[in-house]
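Let me begin by presenting the structure, written as structure tokens, before commenting on it.
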Amino acid sequence: MTHPVPSPLYRIAKLLFLGLWFLEVLFVVLKPAPELVAMIRPVGAYGLLLLAVITIPIARRATLLVTGVAVMLGAVIMLYGVADRTDVEAGLAQALLFAGFLPTLHMLRATAQAQSRVRLSQRRFAHLPTGSRRDGITLGAHAFGSVLNTGSFPVMAAVMRADADDEERRQFALASLRGMNLAPLWSPFFVAMALSSAYLPGVSLLAIMPVGLVIASVCLVLSVLWFGSRGRTATGELGWMIGIRALQPIALGLAVLGLTVVSLAAVTPLGSLETIIIAVPPLCLLLLGFKKPAIYKVWRITTARMDQSYDDLMIVVAAITIASLAGQVDVAADLIRQGVSTVPAPIAIGGLIMACFLPAMIGIHPMIPTAILLAALTTGPQPLADVVLMGVALTGWSAGTMCSVSSMSVVVCSGLFRVPAWRLMVSANMGFALAVISIATLVLSALQFLLTQFP
């Protein structure tokens with residue numbers, strides 16, 4: 001539950017957030033002039049810190065707990081003298097990218113939901129036969145989630161019968177979580193991809209997206225086999241087949257959007273995250289046909305939904321800043337790299353994924369351990385290929401947010417499907433998350449072997 005907040009403070013937070021969004025767009029445009037960007041960036045960094053501070057009254061308790069732990073760890077590191085104010089500033093400057101990324105995602109989500117083809121696909125899912133709804137929900141949550149993120153959950157909740165009992169609501173919520181939380185493995189429109197790209201800017205979307213798609217596809221097949229309906233509908237079709245047909249209206253649009261972003265990232269000097277910040281707004285205008293009423297509506301929805309990003313932004317700031325400080329603890333970073341270097345690749349890959357996943361089971365958002373591990377492993381030589389390391393980070397995030405009470409996905413599903421959050425955490429999804437980790441470990445180990453043999 002959030003705390004009441006004075007409306008003037010709310011307006012100040014919104015204006016500051018909009019200002020930081022504009023500033024980050026400006027930084028991307030001015031990338032050819034790094035000296036100028038370096039001179040202005042501290043203003044944005046401390047503006048981001050100010051935004052995090054003034055939004056404390058409206059943050060979730062779980063967010064405040066995670067942030068509080070990060071602040072205490074950071075204070076301990078600084079007290080021991082291994083890091084200082086410049087490291088805090090560096091972390092804040094790196095986190096500033098997300099002040100441009102999160103509102104851009106809201107704009108894309110609002111634009112997508114305004115498209116007639118998206119609404120047609122929604123209606124098809126709402127009319128799925130009862131026996132195939134769980135399969136359809138998993139596939140639909142994955143497809144819609146690749147662009148809408150947690151915005152896919154309201155779409156899937158609409159498929160549920162109004163008189164559904166407690167167990168049916170729980171099963172539908174778990175199916176939604178399985179589908180949506182596999183999308184961060186490959187979709188560039190997630191904070192997971194953005195955070196990983198911030199530490200591994202040399203890994204292109206063209207390199208990581210196929211790897212994530214392979215893992216996600218295998219896991220979706222496993223979900224249908226494990227949880228899906230065994231029987232056929234009255235027309236003789238399997239549930240997953242009907243779910244795929246319901247996705248047909250949006251399939252081409254999703255493919256074009258993804259290919260456009262990947263292509264721009266490949267042919268420009270911009271990083272993956274910077275490409276999204278710059279490319280998505282013009283694409284949205286194009287989809288809206290440059291019609292003023294539609295543009296105004298999307299802008300109004302985008303700015304309203306920015307109020308829902310303060311928790312994510314606060315955790316991002318905490319995670320990247322503590323990672324920046326922890327990266328200065330050379331002994332810890334050296335131990336992590338040494339540990340990865342001295343064990344076989346499959347054990348190292350599986351161990352790193354579990355290091356991101358297990359803290360989520362005790363309420364620590366996967367963003368914190370993921371950022372710390374990426375910071376440690378990228379400050380010196382380590383044996384894993386960068387694309388493999390990014391796959392590790394995305395898998396830990398995907399599995400962790402699928403069944404952690406600190407995850408916004410679980411919180412949103414809990415409210416929409418009217419199921420206690422702990423019943424979504426303590427569920428068969430835990431076993432499925434471990435299966436996802438196992439599949440990803442096999443795929444990433446094979447990739448590491450191939451890259452070692454054929455560099």
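The values are calculated or read from the model by the stated rules, or taken from the named source; none is laboratory data. All values derive from a computational prediction rather than experimental measurement. Don't worry about glycine lacking a Cβ; one is built from the backbone with ideal geometry, like all the others, and counts go over all protein chains shown. Heavy atoms of the whole protein, side chains included, go into the accessibility calculation; ligands, DNA and RNA do not. Shrake-Rupley method; radii C 1.70, N 1.55, O 1.52, S 1.80 Å.
Its Cα gyration tensor gives segment 14-90 an equivalent ellipsoid, and the semi-axes of that ellipsoid, as √(5λ) in whole Å with the largest first, are 26, 20, 8. About the centre of its Cα atoms, segment 12-88 shows a dipole size close to 300 debye [charges on the beta carbon of Lys, Arg (+1) and Asp, Glu (-1) only; nearest 20 debye]. Only protein heavy atoms count here; under a 1.4 Å probe, ASP311 has an accessible surface of about 20 Å². Here the Kirkwood formula puts the hydrodynamic radius of the chain at 22.4 Å, using every distinct Cα pair. Once the Cβ-Cβ distance of ASP166 and GLU35 is raised to the sixth power relative to R0 = 60 Å, the FRET efficiency obtained is 0.50. Inter-label distance, LEU335 to MET72: 1.9 nm, where each label sits 7 Å from its Cα along the C-beta direction.
Considering only Cα atoms, the convex hull volume of segment 71-225 works out to 159 Å³ per residue.
Per residue, the chain exposes 42 Å² of solvent-accessible protein surface, assessed with a 1.4 angstrom probe and all protein chains in place.
Subtract the Cα-Cα distance of ARG418 and ALA266 from 0.36 nm times their separation in residues, and report this length gain in nm to one decimal.
Details: separation 152, 0.36 × 152 = 54.72 nm, distance 4.31 nm.
Working it through step by step, the gained length comes to 50.4 nm.
Within the chain, what whole-number % of the accessible surface is contributed by carbon and sulfur, with the 1.4 Å probe and all protein chains included in the calculation? After summing per-atom areas, the C and S share lands at 71 percent. For the chain, relative contact order (Cα pairs under 8 Å, six or more residues apart, normalised by length) works out to 22 percent. Between LEU120 and ARG61, residue separation times 0.36 nm minus the direct Cα-Cα distance comes to 17.5 nm.
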